[in-house]
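The values are calculated or read from the model by the stated rules, or taken from the named source; none is laboratory data. Model, not experiment: these values are computed from the prediction. Here the Cβ is made from the backbone with ideal geometry for all residues, glycine too, and neighbour counts use every protein chain on show. In case anyone asks, the SASA skips ligands and DNA or RNA and just uses the protein heavy atoms, side chains included. Shrake-Rupley method; radii C 1.70, N 1.55, O 1.52, S 1.80 Å.
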Amino acid sequence: GFYKEAITLYSQRHSASLLPNKFTFPPLVKACAKLKSPPHGQMMHAHLIKIGFLVDIYIATALTDMYMKVNLLNDALKMFDQMPDRNMASLNAAISGFWRNGYCREALSVFKDVHIGIFRPNSVTIASVLPACRSVEHGLQIHCWAIKLGVEKDIYVATSLVTTYSNCKEMVLATKVFGEMDHKNVVSYNAFVTGLIQNGIPCVVLSVFKEMRVCLNEKPDAVTLVSVISACACLVYMQFGRQVHGFVVKIDKQFDTMVGTALVDMYSKCGCWQRAYDVFKELNGCRNLITWNSMIAGMMLNGQSDISVELFKQLEYEGLEPDSATWNSMISGFAHLGKGFDAFKWFEKMQLAGVVPSLKCITSLLPACSDLSALDCGKEIHGHAIRTTISNDEVIVTALIDMYMKCGCSSWARRIFDHFETKPDDPAFWNAMIYGYGRNGDSESAFEIFFHMKERNVEPNSVTFIGILSVCSRTGQVDEGWEAFKSMSEDYCLEPNSEHFGCMIDLLGRFGRLNEARELIQAMTDPPASVYSSLLGACRSHLDPELGEEIAIKLSNLEPQNPTPFVILSNIYAGLERWSDVERIRQKIDNIGLTKLSGFSSVE
């Protein structure tokens, strides 16, 4: 790893007129590649031409590999083309170099030339070409070649297969390859757990980590620990995260920047911002900008905006330059906390600092416009999106539709929606229109969008049906509501959740179909208090004391300290002028020891 020292040593040796041989140069060229230093590599190349060693195939291969790794593709290709002879190592260098520089098709083309030519691919060839596979079909073809060559269980090949299948979202195949490996090392475990995280399966990561601790003599490295800590953050599993933190301290990795940053993120997402801040302070001297960004975002996530502002100032005092992610954390943080004015203030600061707003930044500002009913600000952001050619991005468009709908400008939202000739398949795009029309009382247009969505074969999700059921509830379309509710499970295999049941119960209750609402609650496995509250409100509207008393008792069992159900029941009896029952319910409130909260007025 002392690459500069290696080059310096050769320089001194060369000055002393000690003659090199062909084995001297491949390690030196590799040192230039590791230093990511094109000038060093080019000087070495010139020196090799001068002293006549360039014809050696191993030196020429090392130079090709070096140029590929410092992203000088044209120089690498010239070197490769000038080789008088090639061997398997030089072809492997070309294959891996192509995909590293983003030329995956070319890498596969070189591999094709290898296996139809005079050379027989080896395990290094297979491991080199697998990262170039951007589709599962290509991955399977190379996997078949590995089996034909008998190298499919080679640790490097198998690890590359796990990574390739994970990148293609084929975790079943990745798991199969990983399970069939005879020998595993830290790198192969890292490839598997990284794939699990990328594909949204964090719960498996923890059991794989436990297996690794038992089966492997090697210690986990920083990549392993970051993946496991990230899984704990995704699962909000702080207990396991703290155990991993203890293990990190035990193996003396607590000052590793990557690991420390992951711990800050994990504690923040688990709601323990004080512990995150302690880890952040312990990293003093080992922090980078990503660590600072993680801490600022974590404070915002936990509602500590004042500390985030202080951290932003400290970051600048330490000589670090806030990047786009830093500004995004501040702006989106304030927007999510409902502090729209502060979000816009920081947006203006970012523009004055000359930082170009990112897509995420623009998207997070639009809900702030909705919350503040700041239509003019929303239009300005829309104008900025058009000028910077991001106005056709699906996320931006969805946020713009939502903003215009919340500001009451459904015609503007519709104009944006109609602008898309080929509508996105993402249901969020359609849901913004359905919710918006529902909010603005235009049920006919909401159903029009819903039917249009089905015509385009866009699969509705559970959020779509909450929007439709809410529209039905506002407009009294009970039959349409029942039809939508039933179609969830019958047509789309979606299991209704408490929100869907709540919408239906609210719809039935509003229009006097109280017995149907009660039967629907009885069909729920574990009804929450909110659905009972909705039905009790309907009982008050329709003055149904018998059902009201039944629901009030169930609610009091769920929320023993809440006097509201009995207060509502008392009001139902008062509406019917059944004063003895009013007195009985009020006496019951006193006997249980509940205190009715007094009403109060507030003048701003």
More than 28 Å from L372 (Cα to Cα), open to solvent by 20 Å² or more (accessible area, probe 1.4 Å) and without any contact (Cβ under 8 Å) to a residue 12 or more places away in the chain: does that describe N288?
no
Which of the residues belonging to region 81-114 are under 18 Å from A62 (Cα atoms) and not in a helix (DSSP H, G or I)?
Q82, M83, P84, D85, R86, N87, N101
Going by what's in this entry, would F53 be described as within 41 Å of the chain's Cα centre (by Cα), at pLDDT below 85, of a type outside the set (G, A, S) and on the phi < 0 side of the Ramachandran plot?
no
Can you tell me which residues in region 530-569 are farther than 17 Å from I505 by Cβ and in a helix (DSSP H, G or I)?
P545, E546, E549, I553, S556, N557, T564, F566, V567, L569
Would you mention how many residues in region 49-66 are open to solvent by 10 Å² or more (accessible area, probe 1.4 Å) and in a helix (DSSP H, G or I)?
8
Which pairs do you get when a residue that is under 20 Å from I434 (Cα atoms), found in region 484-511, comes within reach of a residue that is open to solvent by 50 Å² or more (accessible area, probe 1.4 Å), reach meaning Cβ atoms under 6 angstrom, with the pair 6+ apart or on two chains?
G502/S530
Residue by residue through region 244-272, note down the ones that are of a type outside the set (D, E) and more than 20 Å from A231 (Cβ to Cβ).
F255
Of these, C472, C503, which one is open to solvent by less than 70 Å² (accessible area, probe 1.4 Å), part of a helix (DSSP H, G or I) and within 21 Å of L558 (Cβ to Cβ)?
C503
Pull out all pairs, ordered by first then second residue, where Cβ-Cβ is under 9 Å, the residues are six or more apart or on different chains, the first lies in region 370-388 and is free of Cβ contacts under 8 Å to residues at least 24 places away in the same chain, and the second is open to solvent by 80 Å² or more (accessible area, probe 1.4 Å) and aromatic (F, W, Y).
K379/W412; H382/W412
